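Taken together, the values in this text are just the output of simple stated rules run on the coordinates, not laboratory data. Just so we're clear, the structure is a prediction, and the values are computed from it rather than from any experiment. With ideal geometry, Cβ positions are generated from the backbone for all residues, glycine too; neighbour counts draw on all protein chains shown.
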Amino acid sequence: MKKTGAQKWQPLEQAVPVDLFLAEVKEWAERLGVAPAEIRIQPMKRKWASCSSRGRLTFDTELLHQPAEFRRGVIVHELLHLKVPNHGRLFRALLRAYLET
């Protein structure tokens with residue numbers, strides 16, 4: 001998922017710890033019925049996250065400092081790529097359905 005514009009900055013004390021973020025990713029993975037091969041958190045320059053064809057999810061460390069709703073959108077977006085590898089109609093419909101519930 002590409003980084004677009006400046007996101008609302010949150011003070012450090014509102015940042016989510018890595019273990020809590022990973023728990024959130026795993027909870028969503030279970031809800032979506034997918035199993036990532038690996039989950040990484042590392043600095044990324046151009047994207048908030050990515051999903052490899054082998055099922056490895058990589059999230060930008062800056063995502064830990066973003067609002068919960070934005071984080072959730074990025075997590076669901078990347079996990080859905082384990083079901084649908086493109087951004088076609090099915091992908092967009094599933095993304096909307098999961099984020100609106």
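Between Ala49 and Asp60, the built amide H atoms are under 5 Å apart, and every one of these is 5 or more places off in sequence or on another chain.
Exposed loop positions in the chain were taken to be trypsin sites (Lys or Arg not before Pro) whose DSSP state is not H, G, I, E or B and which have at most 10 other beta-carbon atoms within 10 angstrom. Between these positions, the longest stretch is 55-101. 3J(HN,Hα) along the stretch 91-101, derived from phi through the Karplus expression 6.51 cos²θ - 1.76 cosθ + 1.60 where θ = phi - 60°, amounts to 4, 5, 5, 5, 4, 4, 4, 6, 7, 8, 8 Hz, with x in place of Gly and Pro.
Please report, in debye to the nearest 20, how large the charge dipole of the chain is about its Cα centre when each Lys and Arg carries +1 at its beta carbon and each Asp and Glu carries -1 there. Each step should come with its number before you reach the end.
Details: 17 positive and 11 negative charges, 122 e Å.
For this selection, approximately 580 debye.
How much of the DSSP beta bridge set in the stretch 13-100 is antiparallel, as a percent to the nearest 5?
On the way: 3 of 8 bridges.
In the stretch 13-100, DSSP labels about 40 percent of beta bridges as antiparallel.
Sorted into 10 angstrom bins from 0, the C-alpha pair distances of the chain split as 15, 51, 31, 3 percent. Only helices enter the 222 nm calculation for the chain: every DSSP H run of n ≥ 4 contributes -39,500 (n - 2.57), and dividing by all residues gives -12500 deg cm²/dmol, rounded to 500.
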